[in-house]
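Asks: This is the structure, below, for whatever I ask next.
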Amino acid sequence: MTDYSDDNNKVIFSSLDKEYFLKLNSDHKIIWMSRLGYYLSIEIRGIIFEGLDSSGNIDSEKINLLNDILLQIFGKIDSKTRSNDNFPDADFFNLLKEKAEKAHFSPRLFTLFVKDIEYRVSESN
């Protein structure tokens, strides 16, 4: 996956991340998607608390975009567990990338996600 050791590297869902995701087996893809869902929920929670702490103005557009990604993830996990997944993984990854960029998903949280998922996948082998 992408080397995120440089704080100036703000790329999320890079081609290396896509390659890594596509090479995972179905069980590891479910782990990958579940953990991404966890990090998206952290991002949503941060937006809500930031809005409440400041002026009470919550970025509902960003929350809606992140929630949409979560719904896509849960649908994909359901399809994989039922073995009726007919949406290509590459297209799914591209959809996630597009929506995450629109939502300005935190590169810092994405960096944590990358490190987390690499650890979890290596531990499950």
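Asks: How many residues are of a type in the set (Phe, Trp, Tyr) and exposed (fewer than 11 other Cβ atoms within 10 Å of the Cβ) when one looks only at segment 53-92?
Replies: Total satisfying the criteria: 0.
Asks: So ARG45 passes all but one of these: (1) surrounded by 13 or more Cβ atoms within 10 Å (Cβ to Cβ); (2) out of contact with any helix residue (DSSP H, G or I) (no Cβ under 7 Å at 6 or more places or on another chain). Which condition number does it fail?
Replies: (1)
Asks: While we're on this one: Could you look through segment 64-122, keep only residues that are part of a helix (DSSP H, G or I) and of a type in the set (S, T, N, Q), and pick out the one that is nearest to MET33 (Cα to Cα)?
Replies: GLN72
Asks: Further, regarding this structure: Could you grab me the full set of residues in segment 17-32 that are exposed (fewer than 15 other Cβ atoms within 10 Å of the Cβ) and not in a helix (DSSP H, G or I)?
Replies: Selection gives ASN25 alone.
Asks: State which residue pairs qualify: first residue farther than 11 Å from LYS99 by Cα and inside segment 54-78, second residue assigned to a helix (DSSP H, G or I) and of a type in the set (S, T, N, Q) in any location, beta carbons under 9 Å apart, and separation of 6 or more residues or different chains.
Replies: Once the first residue is farther than 11 Å from LYS99 by Cα and sits in segment 54-78, its partners that are assigned to a helix (DSSP H, G or I) and of a type in the set (S, T, N, Q) give ILE73/SER34; ILE77/SER34.
Asks: So is ARG35 assigned to a helix (DSSP H, G or I), on the phi < 0 side of the Ramachandran plot and in contact (Cβ under 8 Å) with a residue 60 or more places away in the chain or not?
Replies: It is true that ARG35 is assigned to a helix (DSSP H, G or I), on the phi < 0 side of the Ramachandran plot and in contact (Cβ under 8 Å) with a residue 60 or more places away in the chain.
Asks: Filter segment 80-112 for residues that are free of Cβ contacts under 8 Å to residues at least 12 places away in the same chain and either touching a strand residue (DSSP E or B) at 6+ places or on another chain (Cβ under 7 Å) or more than 25 Å from LEU16 (Cβ to Cβ) (or both) and give the result.
Replies: ARG82, SER83, ASN84, ASN86
None of the figures in this text is laboratory data; all of them are computed from the coordinates on show. In this text, all values refer to a predicted model and were calculated from it rather than measured experimentally. Here Cβ is always computed from backbone atoms with ideal geometry, including for glycine, and neighbour counts include all displayed protein chains.
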